[in-house]
Amino acid sequence: MTLCVAWIKESGEESELVMATDSRLTGGESWDSGVKLFELPRQDCLLCFAGATERAYPLILNTISSIKFDNHLASSHTDIHEILEYLIELFSDLVSRITDVAGNIDEIRGEAEFLFGGWSWRSQQFETWRLYYETVLHAFTHESISLENARVFTFVGDNNNEAQQLLEDRLRDGGKLLAGALDMEPLQVLAHMARDDEYRSIGGAIQIAKVYQSGTSEFFGVMWPSVNGNATFLGRDLPTDDLIPVRLFDPDNAQILEESLPEMLLDINDDFF
């Protein structure tokens, strides 16, 4: 399993949709390098999953391939509401083809759930949905994350009730429990749980990406397990001699690490100079 979170970060008049997840894959083993956060072949939306990897990966890979080779779906002129409906239809069709299984077929079809969200040019706002299998319908359906209040966020996966309580505690400590927009507090909660052995199905370096109001997205790396640790991207360590050009987050204060020039250079000999 895993823990995913999506929320709208507010800063003045600016807002961003942020999506983050841990990197642990489980299923008879634990593997802390699994990609769980995906950009579709268009930059205005993101998709991540919680649940059984063997159920989620075929759905995601089919989605990426289908959109890539469909000019209408890949076009930024196509609003993400149409992408949402396509995802629901595609996921439902794909899981209906699962055969030769032992056990309840509806339980097997519903072993993964998803967060999907991005910028809608039609509604001129960020939209986020939880996608899940509904046994009554024998198909996938979606649940909109409410935009009626100032705080828009949701946790999906393991220990999501504990995650919400930890977020409330953090907001209370910061004097923001009853009022105030979210900043990067959900990321700090996710990082805390991924490093706590109490939550055995949550672990590995955090994966994080944002969608901006321009309809573009950006993926970030994370220093893991702390700012003094290794640079990671999508769950794996980056080679120190070939860092890819991504900005890095400090998982403790949830701030982007900005490169700075040294104030002085010491011990430079003539040969080195």
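A few comments on the model shown:
- Sulfur and carbon atoms: percent of accessible area, segment 30-119 [1.4 Å]: 50 percent
- Where the Cα pairs of segment 87-188 fall when distances are cut into 10 Å bins, in %: 13, 35, 29, 18, 6, 0
- Share of carbon and sulfur in the accessible heavy-atom surface of segment 153-259 [1.4 Å probe, %]: 45 percent
- Across segment 81-87, coupling constants 3J(HN,Hα) worked out from phi with the 6.51/-1.76/1.60 Karplus curve, θ = phi - 60°, read 4, 5, 5, 4, 5, 5, 4 Hz, and Gly and Pro carry x.
- With the simple model of a label 7 Å out from the Cα in the direction of the Cβ, residue 134 to residue 85 spans 1.6 nm.
- Largest to smallest accessible area among 214, 75 [probe 1.4 Å]: 214, 75
- Residue-span extension gain [residue 76 to residue 35] - 0.36 nm each, minus C-alpha spacing: 12.3 nm
- With coordinates expressed along the principal axes, the C-alpha atoms belonging to the chain extend over 73, 43, 42 Å, beginning with the largest.
- When the residues 172, 195, 109 are ordered by accessible surface, computed with a 1.4 Å probe over the protein chains alone, the sequence from largest down reads 172, 195, 109.
- Using R0 = 22 Å, the C-beta based FRET efficiency linking residue 240 and residue 210 works out to 0.30.
- Solvent exposure of the chain as accessible area per residue, Å², 1.4 Å probe: 52 Å²
- For segment 59-104 and segment 223-237, distance of Cα centres in Å: 32 Å
- Calculated [θ] (222 nm, deg cm²/dmol) that DSSP helices of n ≥ 4 give over the chain, each run adding -39,500 (n - 2.57): -7000 deg cm²/dmol
- Label separation (residue 198 vs residue 172): 1.4 nm, computed from points 7 Å beyond Cα along the C-beta direction.
- Counting only heavy atoms of the protein chains and using a 1.4 Å probe, residue 119 has close to 30 Å² of accessible surface.
- Put a plus charge on the Cβ of each Lys and Arg, a minus charge on the Cβ of each Asp and Glu, and nothing anywhere else: the dipole of segment 10-79 about its Cα centre is then about 440 debye.
- Gyration tensor verdict on segment 1-107 (Cα atoms; rounded if a/c is under 1.5, prolate if a/b is larger than b/c, oblate otherwise): oblate
The values are calculated or read from the model by the stated rules, or taken from the named source; none is laboratory data. Please read all numbers here as calculations on a predicted model, not as lab measurements. Backbone-built Cβ (ideal geometry, glycine too); neighbour counts: all protein chains shown. Just so you know, the surface numbers come from the protein's heavy atoms only, side chains and all, with ligands and any DNA or RNA stripped out. Shrake-Rupley method; radii C 1.70, N 1.55, O 1.52, S 1.80 Å.
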